[in-house]
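Have a look at the structure below, then the notes.
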Amino acid sequence: MSTPSETARLRVYALAREYDSRKKSACKNPSSMTRAESPDSLLGLPTTKELPNAFKIDEDALRRYPWYRKPPLIHYGFGIDYEDLINYHEAHQLRLPSEELSRGTFVASIENSALRDLRSRCRFHDLDILPPSVKHIGYELVLSLYDSHTIDERELADEEEEDLVKVIQGELPVTKKQSLRWFYPICQ
């Protein structure tokens, strides 16, 4: 038999999942619900961690020319869904947001507390969660380690990055089936 606090906790996660499923049905048509995607090369994204010059900021041009435009910003990480964050939040029994919040704020609160906890567990505070461009069919969010504009300053050593990826894959099972890759953000 469940205690009242366990029952309340289950009800709150049911609300979050209900919001998540409504959002999925409203935003995606059934044919795009798979995780199959166009190859990154077809989207114009690098297929390796190494960035081509087209995605690197020319620091000299940035200093010299006021008209210089930075290249498009892209993020390096894993594709995840709200459901993955809700499961993470529930598994780690993180503090629940108030049920009185609007549903969008409620799910955003779960997302933020899961991100804070994941940053702490990974000991990497540059982790971020953001929505990807609609070009990336099959994922609602990107768990970003780096972005193309700051990777040179923030990139971890290979061993540290491998350790970070192991922690992330241990905490978010959906990432075990993926390799790190580049994503366009929802807006530039």
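The values are calculated or read from the model by the stated rules, or taken from the named source; none is laboratory data. Since this is a predicted model, take the numbers as computed values, not measurements. As a convention, Cβ positions derive from the backbone with ideal geometry for all residues, glycine included, and neighbour counts pool all protein chains shown.
Screening 96, 101, 45 for residues that are of a type in the set (A, V, I, L, M), touching a Lys or Arg at 6+ places or on another chain (Cβ under 7 Å) and at pLDDT below 90 leaves exactly one candidate, 96.
Taking the conditions exactly as written (modelled with pLDDT under 95 and farther than 22 Å from residue 89 by Cβ), does residue 147 satisfy them or not? In short, no. Under the condition of being closer than 16 Å to residue 146 by Cβ and either out of contact with any Ser or Thr (no Cβ under 9 Å at 6 or more places or on another chain) or hydroxyl-bearing (Ser, Thr, Tyr) (or both), the residues counted in segment 71-102 number 1. Scanning segment 152-188 for residues that are free of Cβ contacts under 8 Å to residues at least 60 places away in the same chain and touching a Lys or Arg at 6+ places or on another chain (Cβ under 7 Å), we see that the one that is nearest to residue 44 (Cα to Cα) is 169. None of 75, 89 is over 29 Å from residue 152 (Cα atoms) and of a type outside the set (D, E, K, R) except 89.
Would you confirm whether or not segment 87-106 contains a residue that is within 10 Å of the chain's Cα centre (by Cα) and either at negative phi or of a type in the set (A, V, I, L, M, F, W, C) (or both)? Looking for residues that are within 10 Å of the chain's Cα centre (by Cα) and either at negative phi or of a type in the set (A, V, I, L, M, F, W, C) (or both), one finds none in segment 87-106, hence no. Within segment 107-134, restricting attention to residues that are of a type in the set (A, V, I, L, M, F, W, C) and touching a helix residue (DSSP H, G or I) at 6+ places or on another chain (Cβ under 7 Å), the residue that is modelled with the lowest pLDDT is 107.
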